[in-house]
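Below is one structure, written out as structure tokens; the observations come after it.
The values are calculated or read from the model by the stated rules, or taken from the named source; none is laboratory data. Owing to the predicted nature of the structure, the values given are computational and were not obtained by experimental measurement. Glycine also receives a Cβ, built like all others from the backbone with ideal geometry; neighbour counts cover every protein chain displayed. Only protein heavy atoms, including side chains, enter the accessible area calculation; ligands, DNA and RNA are left aside. Shrake-Rupley method; radii C 1.70, N 1.55, O 1.52, S 1.80 Å.
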Amino acid sequence: MSALDHPGIRKVAAALSEAGHHEAADGIRVLADAVRTAAEAARAVGVPVGAIANSLVFAAVRDGVARPLLVLTSGAHRADTDLLAALADVDRVERAKPEFVREHTGQVIGGVSPLGHPAPIRTFVDVDLAQHEVVWAAAGHPHAVFPTDYAGLVDLSGGVPAKVAR
């Protein structure tokens, strides 16, 4: 079985094509090693770390109820949870546990894609990613990434552009 036949990668490729982003679907790159960090992904595809769109899933807690929040942040910095809580108008934003991530995205940490989830997830897209002509995002598996541009990332994720780090 080819790595492109992995169910998570197939689902992301289909979602990219369905959204009309055929070049991104055709550009899915399966890497020899898992890339669970932005630095690893940047080295693997030969781009600056800031051109990696980290897909971070948080638990956005309001009145004791946690809902998923996806933040697509530049690999060059860390998302600020206090800033995210203010943007999302919630009590607090916490790093999500692996089970929470899998439940809401259908994907594992290190391979969470901006799309292809069981249901829409509220998403913020880091405005700092717009500095790069091409950005790379996870394609549903820790060994797979795809290229797009900032506008495409916003479109694909249904996200809201925002400053997510101080």
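Residue pairs whose Cβ atoms lie under 8 Å apart, separated by 6 or more positions or on different chains, with the first residue in region 79-107 and touching a residue at least 40 places away in the same chain (Cβ under 8 Å) and the second open to solvent by 80 Å² or more (accessible area, probe 1.4 Å), are Asp80/Arg166; Leu83/Lys163; Leu83/Arg166; Val101/Ile109; His104/Pro118; Thr105/Pro118; Gly106/Lys11; Gly106/Pro118. Could you go through region 102-109 and let me know if any residue there is farther than 24 Å from Ala86 by Cα, within 11 Å of the chain's Cα centre (by Cα) and either modelled with pLDDT of 95 or more or open to solvent by less than 50 Å² (accessible area, probe 1.4 Å) (or both). The answer is yes, given that some residue of region 102-109 is farther than 24 Å from Ala86 by Cα, within 11 Å of the chain's Cα centre (by Cα) and either modelled with pLDDT of 95 or more or open to solvent by less than 50 Å² (accessible area, probe 1.4 Å) (or both).
Looking at Ala24, Ala32, which one is within 13 Å of Ala137 (Cα to Cα) and either at pLDDT 95 or above or not basic (Lys, Arg) (or both)?
On the way: Ala32 fails: within 13 Å of Ala137 (Cα to Cα).
After ruling out the rest, the residue left standing is Ala24.
I'm checking my understanding of the structure. Among residues of region 131-141 that are in contact with an Asp or Glu (Cβ under 9 Å, 6 or more places away or on another chain) and of a type outside the set (D, E, K, R), which one is most open to solvent (accessible area, probe 1.4 Å)? Can you show your working first?
If we filter region 131-141 for residues that are in contact with an Asp or Glu (Cβ under 9 Å, 6 or more places away or on another chain), which is where we start, we get 132-135.
With of a type outside the set (D, E, K, R) added as a condition, the list becomes 132, 134-135.
Working: His132: 45, Val134: 67, Val135: 0 Å².
So the residue we want is Val134.
Does Ala53 satisfy the criteria of being in a strand (DSSP E or B) and either closer than 22 Å to Ala34 by Cα or open to solvent by less than 20 Å² (accessible area, probe 1.4 Å) (or both)? The answer is yes for Ala53. Candidates are the residues of region 142-152 that are within 12 Å of the chain's Cα centre (by Cα) and either under 16 Å from Val57 (Cβ atoms) or among the aromatic types (Phe, Trp, Tyr) (or both); the one that is surrounded by the fewest Cβ atoms within 10 Å (Cβ to Cβ) is Pro142.
For the structure I just gave you, tell me whether Ala86 is within 22 Å of Tyr150 (Cβ to Cβ), of a type in the set (Gly, Ala, Ser), open to solvent by 40 Å² or more (accessible area, probe 1.4 Å) and in a helix (DSSP H, G or I). Before you say what the answer is, go through the steps one by one.
Details: within 22 Å of Tyr150 (Cβ to Cβ): no; of a type in the set (Gly, Ala, Ser): yes; open to solvent by 40 Å² or more (accessible area, probe 1.4 Å): yes; in a helix (DSSP H, G or I): yes.
The answer is no for Ala86.
Does Val45 qualify as being modelled with pLDDT of 90 or more, touching a His at 6+ places or on another chain (Cβ under 6 Å) and surrounded by fewer than 19 Cβ atoms within 10 Å (Cβ to Cβ)? For Val45, the condition - modelled with pLDDT of 90 or more, touching a His at 6+ places or on another chain (Cβ under 6 Å) and surrounded by fewer than 19 Cβ atoms within 10 Å (Cβ to Cβ) - is not met.
The single residue among Arg10, Arg29, Arg67, Arg62 that is closer than 22 Å to Glu133 by Cβ, open to solvent by 60 Å² or more (accessible area, probe 1.4 Å) and touching a helix residue (DSSP H, G or I) at 6+ places or on another chain (Cβ under 9 Å) turns out to be Arg29.
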